[in-house]
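Structure, as structure tokens:
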Amino acid sequence: MQEILSFIEYLLAFVVVLSIVVFVHEMGHFLVARLCGVRVLEFSIGFGKKLWSRQDKKGTNWSLRAIPLGGFVQMFGDADAASAKADENIKNLSEEEKKVSFPFQPVWKKIAIIFAGPATNYIFAILLMTAVFMVYGQIKIAPVVGSVMEKSPAAAAGLLPDDKILQVNGENIADFSDIKRWIVLSPEPTLKLLVERNGKTLNLEAILAEDPKERVLGVQSKTIAPGDVSSMPFHKAIYESSLMAWKMTADTIIYLKQVFTSTRSPDEMRGPLGIAEASGDAAKGGFLSFLVFLVQISIGIGLINLFPIPLLDGGQIVVYLIEAIRGKPLKEKILEKTLMIGMCLLIGLLLLTLWNDIPRIFNRLVG
């Protein structure tokens, strides 16, 4: 019985997280489409059979569907919800209908509508994290060593308690979490440390494990003092949340670059099952933990959709940029081939993440 309740809890957390992030993403497309004068036929959360629908005064059908694994905004003149192809009957549209049809919009309006989805994910994440910083504050842990594990890379490098780590591989360190970022993201197992000790600076070198999954420096921070947690005014909170969004984006790009250049294993990549697992864990961690996870997923969805892969927003933007350069749309056969390539890439990515998620979740359940 407990296992069933736990499964339901994880499933609900996953549905809530995905529905919120998808709603935000599609709302970006929807709002900018309306601003550009494009008629929106349907705004849907989920795919498959309709569970609920309602039409507003402007003719948009708002719906909830049975499979909560995404959503879409279908605009007038599109053949499907992806806005990748135009309807075959657009040649028969009147001049008035063409004015509100997506395929007949100027290229800059098409790009604005498509870009609005990922952009809104980022805006939502930054504003949500700004609110968190203003209400709960931000934990700042100085990069000062509290303790050093015996026989660890830190001990071998000569790190001592009370050492302040100023730089790692030439990058300034402002927070203890920055050290962890370097341990996780560094393509090389060697960390060059600039350390302050008793008012003097020292250059130390820590050699970590070759396998990125086994890398541990072996230091702990000092206990957080009461002054390390404080609420922020709006201007500082939005700056810190924007900086956090930038760091998360940069870290993800660095990680993916390492994967594609074979300097890092893709084992850490998560798919739908992994996100569902993490959603449940975040929900169990409390309201604040859940909000932070929601921020992370919103940024992740926004970033992924900007990748220049056909079927994703970034791929469509590339097509429209080519259209602007050529002065005319790409041939339908070329579009169909690029869409097929995009679908194969996305299916391959899904299979890879499932290959990672299933064994890990299975081991967690039986272990």
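Before anything else, pin down the relative contact order of segment 86-226: Cα pairs under 8 Å, at least 6 apart, normalised by residue count, whole percent.
Values: 171 pairs, mean separation 32.8, N = 141.
Over segment 86-226, the number comes to 23 percent.
What FRET efficiency comes out for the pair residue 94/residue 252, r = Cβ-Cβ distance, R0 = 45 Å, nearest 0.05?
Working: r = 46 Å, r/R0 = 1.02.
So, using R0 = 45 Å, E works out to roughly 0.45.
Based on the Cβ-Cβ distance from residue 175 to residue 350, what FRET efficiency comes out when R0 is 45 Å, to the nearest 0.05? Intermediate results must be reported in sequence, preceding the final value.
Working: r = 35 Å, r/R0 = 0.77.
Computed FRET efficiency for residue 175 and residue 350 comes out at 0.80.
What is the chain's relative contact order, in percent, from Cα pairs under 8 angstrom and six or more apart in sequence? Numbers along the way, then the final one.
Details: 556 pairs, mean separation 63.8, N = 367.
RCO, the chain: 17 percent.
Rounded if a/c is under 1.5, else prolate if a/b is larger than b/c, else oblate: which is segment 235-303, with a ≥ b ≥ c the root eigenvalues of its Cα gyration tensor? Spell out each step's value before the answer.
Working: a/c = 2.81, a/b = 1.19, b/c = 2.36.
Oblate shape, in that a/c is at least 1.5 and b/c is the bigger or equal ratio.
What nm value, rounded to one decimal, do you get for the distance between residue 47 and residue 8 when each label is placed 7 Å out toward the C-beta?
With each label point 7 Å from Cα toward Cβ, the separation is 2.8 nm.
What is the gain in length, in nm to one decimal, between residue 340 and residue 54 on full extension, counting 0.36 nm per residue of separation less the C-alpha to C-alpha distance? Don't jump to the answer; show the numbers that get you there.
Working: separation 286, 0.36 × 286 = 102.96 nm, distance 3.32 nm.
So the extension gain works out to 99.6 nm.
Fewest Cβ neighbours within 10 Å first, please rank 323, 277, 332 accordingly. Walk me through the numbers on the way to the answer.
On the way: 323 15, 277 18, 332 10.
In increasing order of surrounding Cβ atoms, one gets 332, 323, 277.
Of 58/99; 151/200; 257/337; 49/110; 98/337; 91/331, which ones are farther than 21 Å apart at the Cα? List each step's numbers first, then the result.
On the way: 58/99 15 Å; 151/200 25 Å; 257/337 26 Å; 49/110 29 Å; 98/337 27 Å; 91/331 16 Å.
Distance filter (> 21 Å) returns 151/200; 257/337; 49/110; 98/337.
Checking the a/c ratio against 1.5 first, then a/b against b/c, what shape does the Cα gyration tensor give for the chain?
Prolate shape, in that a/c is at least 1.5 and a/b is the bigger ratio.
Taking each full run of DSSP H in the chain as one helix, which ones are at least 27 Å long along their axis (Cα atoms) and have mean Kyte-Doolittle hydropathy of at least -0.5?
Numbers: long enough: 2-35 (49 Å, 1.59); 107-135 (41 Å, 1.62); 234-260 (39 Å, 0.30); 287-306 (29 Å, 2.22); 332-366 (50 Å, 0.99).
Helices passing the filter in the chain: 2-35, 107-135, 234-260, 287-306, 332-366.
Amide H neighbours of residue 41 under 5 Å, at least 5 residues apart or on other chains, H built in the peptide plane: list them.
74, 75, 76
For the chain, with a Gaussian network of springs between Cα atoms less than 10 Å apart, report the residue from 78, 175, 357 with the top mean-square fluctuation.
Looking only at 78, 175, 357, the largest GNM fluctuation is found for 175.
No lab work stands behind these numbers, since they all come straight from the coordinates. Computed from a predicted model, the values in this text were never measured in an experiment. Backbone-built Cβ (ideal geometry, glycine too); neighbour counts: all protein chains shown.
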